[in-house]
Every structure is written in structure tokens, then in C-alpha cells.
1. How do SER259, SER330, SER60, SER119 rank when sorted from fewest to most other Cβ atoms within 10 Å of their own Cβ?
2. Taking 25 Å as R0, compute the FRET efficiency from the Cβ-Cβ separation of LEU257 and ALA66 and round it to 0.05.
3. Once label points are set 7 Å from the Cα along Cα→Cβ at both ASN198 and GLN298, what is their separation, rounded to one decimal in nm?
4. Testing the spin-label approximation: label points 7 Å from Cα along Cα→Cβ at LYS211 and GLU84. State their distance in nm.
5. More than 30 angstrom separation, counting every C-alpha pair in the chain; what % is that?
6. Please arrange TYR45, TYR169 by counting, for each residue, the other beta carbons lying within 10 Å of its beta carbon, fewest first.
7. Considering lysine pairs in the chain that are 8 or more places apart or on different chains, how many have Cα atoms under 19 Å apart?
8. May I ask for the Rg/Rh ratio of the stretch 231-340, computed from Cα atoms with Rh as the Kirkwood radius, given to two decimals?
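Values quoted throughout were computed directly from the atomic coordinates according to the rules given, and no laboratory measurement underlies them. Remember, predicted model here, so these are calculated numbers, not experimental data. Quick reminder, even Gly has a Cβ in these numbers, built from the backbone with ideal geometry, and neighbours come from all protein chains shown.
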Amino acid sequence: MTDSPTIEIIENADLQPFNTMAVPGRAEYFCRVDNQQQLLQALDYANHRRLPVTALGGGSNLLLAADIAGLVVHLNLTGIHASEFAPGHFYVSFAAGENWHQAVEHCLQQGWYGLENLSLIPGNMGAAPIQNIGAYGVELCDLFVSLEAIEISSGELVVMDKQACQFGYRDSIFKQAGKGRYLITQVTLALSSEPQVNIQYPVLAEALRGKDPSPEQVSAAVCRIRREKLPDPQNIPNAGSFFKNPVIEAELLDRLLGSNTSMPHFQQPDNRAKVPAAWLIDQCGFRGLRSGNVGVHQHQALVLVNFGGTGAEILHLAQQIQDAVQERFSIALEIEPQIYGLPE
Ligand code: EPU
């Protein structure tokens, strides 16, 4: 059994080091849990005092809009276990606190393939199902088997399969009906020792043109592309894409293509089309723009960056972008990261 000494509760804790946007903010109460027993202790503490509970992982997909009331639980559970369910096919279970990219590298080293397109995504394993992380033509749900979570109100362990998670594009039950109800403790993925390389995504196909790449080479190419376009939060604080790519009706697409012939768009199976939010924002002149202590990344207009500002300043800039895109293209941009600290 794991030794699980009593958790340490910190009052009025500084959350700036715990969000990659590096905005200032405090938690009324804060604790770190290293294992399931500590997590249950933390829930006991909160439930006895009727404190709301907020989960914190790598802090890479959230915006702190204000201080957080109640108990913030920093999920630090670690461990990776694999079982071979058929020759060359593995169920690999990752504890929620495992760093995503380190887990991808570990799997590549073991010869468990499937995660290479998702290399270098910031954050921890436990957060990956919440927004169904995706990049370069692969989404978490493509490899997902199940997850374990603790229901906050009851402390009960629940197991959820792919269907129960209701995955969509940057979406899951954890952003909808299950929002704020669970602490995800473990994620199980199906990986394979037989490489199934997917280089359909245009920029990846271009980078690997003429090659028959190994999963390791795909991973290296993805890392290269990401480093060119996306700012490293260690150097320029950010939370990745700040908006979802909108999906628009065929009628609006036709109308917009009439006056914007070069507008990139991707047909969806339901006859609607996904348009890159980065292109829309870029067209409105925001790329590289700095507004006070916050701004828009110069190489990727979808990424808002922080030069020492607050969550409120980021939200103000986001609103200006949403207004401009609405005005010019009649498209409502939806914020992608979770906003913490605002009343429900
Ligand atoms: N573009 C612009 N201006 C820019 C950047 C891009 O016009 O400043 C246009 C280009 O035409 C480009 C198109 O937008 O072809 C798409 O750009 P990109 O390939 O960089 O991808 P994205 O749609 O902007 C999405 C994800 C990223 C993911 C990449 C690669 C969302 C919200 N974002 O971005 O995910 O890494 O595809 O698969 O779906 C994240 O979620 O945090 C994230 C970074």
C-alpha cells in the first residue's frame, strides 16, 4: 500500500505558478494529492465544510478569471501500467498527474504506438479527456478506452467508457452535464506495437513528403511544427488555442466564400464546414497585436499570450476578437479553455 500521510491544506494559496497563462489568482484553500487516499481525504475536508472543489492538473487549458472560492485540488497521482490484451495490442493506463508529453515519449520508447501525432501537447493526462485533446489529425477519443474518476459529491469511484464520455470536437461530458462533478484519476488508452502512421493533416504531410516515416519520425516532425508555430508557455505564457474552430452552415459558407475566395474550410460529414478561427482572427488584423499586457501570438492568431496581465485583461481582449469576427463574418467564436473563478 502507498503511504499516504495527511494532506496539507494551504489557505489563500498563490495559483500563478499553477496556470500556464501565468495570470495572478488565489485559491481560498489548496492541496496537492499524490494518491487516491489523499484525494478522498481532500474531498472529506471540503464536503465537511461545504466547500466547492475545483480540480487542477497541469493548468495548461484554463483561464483564471478571478480568485477561486473553496478547495483547489492539485491532482498529482502518477504511474503507468500496461497489459497486452491481444498480441501487440496494449491497454495502457496512466494516472491523472502524468505529464502528457512525457507519457507520449515513454510510450514511443516502449514501442506502444498511436500517440505520436499528439506529441508536445502541454498539460497532464487527467485533463486530456475533458477537452478531448487533438492535433494533426488525431484526437484522444481515437485511442480512448475508459477512465476512472471520483465523484466529488459522494467520493464514489466511477468508470466511464468512450460512449459515456460523449466526446466531440474539443468537447466531452466533462464540459457539459458532468462539468465540475468529477475528479479524473486515471485514463486508459489502446496502443499498438504495429505502427499505423497518420500523416493526412496537410502541414504534416508536407513536412514528411516523400518519406515513409516511423512513428518516431512523425513525433519529431510534430514537435518541430509545434515549436515553430506555438509559443512555449515557459517563455511566453499561454493556454494553447483560445477559441474553437467554428463549424458553420453551408449557406453562410457560400455567402462568405463569395467575398473571401481564399477562406480555408473543411467540409464536415453533415454538410457544414469547419473554418480555422486563426484565419478569421488573422483577417481581422489581430495577429501579433499587443494590447497592454496581453496579446495575440505573432505566428498563430488562435493563441492569446500574456505579458504580465490579468485574466480579466485576457477576457477583455477575447471579447474584442469575438466582436470583430462576429461583425465581419457573422460567426460566433467560442472560448476553448475552461474559465475558472467566475460564478456559475
Ligand atoms: N491560419 C491563419 N493565421 C494564423 C494561423 C493559421 O490564417 O495565424 C490558418 C492557416 O490557413 C492554416 C489554418 O489556419 O492552414 C489552420 O491552422 P493550424 O494548422 O495551425 O491549426 P488550427 O486549426 O489553428 C488546430 C488546433 C490546435 C492543433 C492544430 C494542429 C483547435 C482549436 N486548435 O489549430 O490545437 O495543434 O489544429 O492540429 O482545434 C489547442 O487545442 O490548444 C491547439 C493548439
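1. By the 10 Å Cβ count, ascending: SER259, SER330, SER60, SER119.
2. Values: r = 41 Å, r/R0 = 1.63.
Approximately 0.05, to the nearest 0.05.
3. Spacing of the two 7 Å Cα→Cβ label points: 3.4 nm.
4. 2.9 nm
5. Values: 23158 of 58996 pairs.
So the pairs more than 30 Å apart make up 39 percent of the total in the chain.
6. Working: TYR45 18, TYR169 14.
So the ranking, lowest neighbour count to highest, is TYR169, TYR45.
7. Values: LYS162/LYS175; LYS162/LYS179; LYS175/LYS244; LYS179/LYS244; LYS229/LYS244; LYS244/LYS274.
Here the count comes out as 6.
8. On the way: Rg = 14.3 Å, Rh = 14.4 Å.
The Rg/Rh ratio comes out at 0.99.
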